[in-house]
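The values are calculated or read from the model by the stated rules, or taken from the named source; none is laboratory data. Just so it is clear, the structure is predicted and the values come from calculations on it, not from any experiment. Cβ placement follows ideal geometry from the backbone for every residue including glycine, while neighbour counts extend to all protein chains displayed.
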Amino acid sequence: DQSRQVILRTKGVGKMFGKFVALNNISAEFPKGAITSIIGPNGAGKSTYFNLLSGAFAPTNGTVEFEGRDVTGLPQHRFAHMGVAKSFQITNVFPQLTTRENIRIGLQALVSRYDMWRPRARLRELTEQADELLARVGLWESRGRTAKTLAHGEQRALEIGMALASRPRLLLLDEPTAGMSPEETRTMMDLIVKLASERTVILVEHKMKLVLGISDRILVLHHGELLAEGTPSEVRKNEAVKRVYLGQ
Ligand code: ADP
Ligand code: MG
């Protein structure tokens, strides 16, 4: 059964902002357990597609399926409950709190009522879980620093740590290396590969070079259309893609 190997699928999705067609008729499948990257020049519609995939907004046309179920137009929290998490924006990191406290807040969102009756044990558990997550995203040594003092790359890693707190089965990342130094970029790409060994990852990235080596599949958007899709080597050889990325 093919639907079991596909975690997410869009059928003919489109998005209009007023009369402007930001995304037109995109049909694609995202294999479970894989890294699928969505690339394309600025304004191609990547973030718009990302928002449809993560349930941030509903498409104007078409349908979104999660594990074979039609989830078109469901509110964001329903996507979260299904196990879909996306990287938070910078503003979702609490700048005055420590790195560890930030992660703990992400974890606390999952606390049940019962847990409130044993706060001390719960705090200990939360701290242990937070430390585990901090280690996973490479921030354990920075656990006591206030988030605002972290370098840009560390803040983005912290956002991913917060997204992981809900134990998502599908992690969506929109340009996680934006504004990073080459070294921060390498660290982030290593982290993404590591995280992808445990869950499905959908990665939006402006720079094709960054995703060629790590992606199982690549979708190329251009002017709101699906220009090409395939394995990295197929996409790299594609003439239309070469034209769009000429000189990059
Ligand atoms: P990308 O992420 O590939 O750079 P976006 O998905 O952000 O592209 O944007 C695609 C197109 O849709 C752009 O031309 C952008 O200006 C337009 N757009 C995006 N969001 C909105 C919005 N909320 N209202 C109007 N136009 C938008
Ligand atoms: Mg974008």
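Restricted to the range 2-52, the set of strands (runs of 3 or more DSSP E) holding at least 1 residues that are more than 22 Å from LEU195 (Cα to Cα) and within 16 Å of ligand 1 (Cβ to nearest atom) comprises 6-17, 20-31. Going residue by residue through the range 69-77, is there one that turns out to be modelled with pLDDT under 95 and outside any loop (DSSP other than H, G, I, E, B)? Yes. For the range 44-90, taking the residues that are within 22 Å of ARG156 (Cβ to Cβ) and away from ligand 2 (no atom under 16 Å from the Cβ), the one that is surrounded by the fewest Cβ atoms within 10 Å (Cβ to Cβ) is identified as GLN76. The criterion of being more than 25 Å from THR36 (Cβ to Cβ) and modelled with pLDDT under 95 holds for ARG118. Of the listed requirements (1) more than 21 Å from LEU219 (Cα to Cα); (2) within 15 Å of ligand 1 (Cβ to nearest atom); (3) of a type outside the set (Asp, Glu); (4) touching a Phe, Trp or Tyr at 6+ places or on another chain (Cβ under 7 Å), ASN102 misses just one: (2). Inspect all residues belonging to the range 34-53 and state whether any of them is in contact with a helix residue (DSSP H, G or I) (Cβ under 6 Å, 6 or more places away or on another chain), hydroxyl-bearing (Ser, Thr, Tyr) and at pLDDT below 95. Looking for residues that are in contact with a helix residue (DSSP H, G or I) (Cβ under 6 Å, 6 or more places away or on another chain), hydroxyl-bearing (Ser, Thr, Tyr) and at pLDDT below 95, one finds none in the range 34-53, hence no. Only one of the numbered conditions (1) within 14 Å of THR36 (Cβ to Cβ); (2) crowded, with 16+ Cβ neighbours inside 10 Å; (3) at pLDDT 95 or above is violated by HIS222, and that is (1). Being assigned by TED's automatic domain parsing to the domain that holds GLU65, away from ligand 2 (no atom under 16 Å from the Cβ) and closer than 19 Å to GLY45 by Cα is the requirement here; does VAL244 meet it? Taking the combined requirement at face value, the residue does not satisfy it. Going by the structure shown, is LEU123 surrounded by fewer than 20 Cβ atoms within 10 Å (Cβ to Cβ), at pLDDT below 90 and part of a helix (DSSP H, G or I)? Here the answer is yes, as LEU123 does meet what is asked.
Give the number of residues within the range 133-155 that are aliphatic (A, V, I, L, M), surrounded by 17 or more Cβ atoms within 10 Å (Cβ to Cβ) and outside any helix (DSSP H, G or I).
Going through the range 133-155 one residue at a time, the tally reaches 3.
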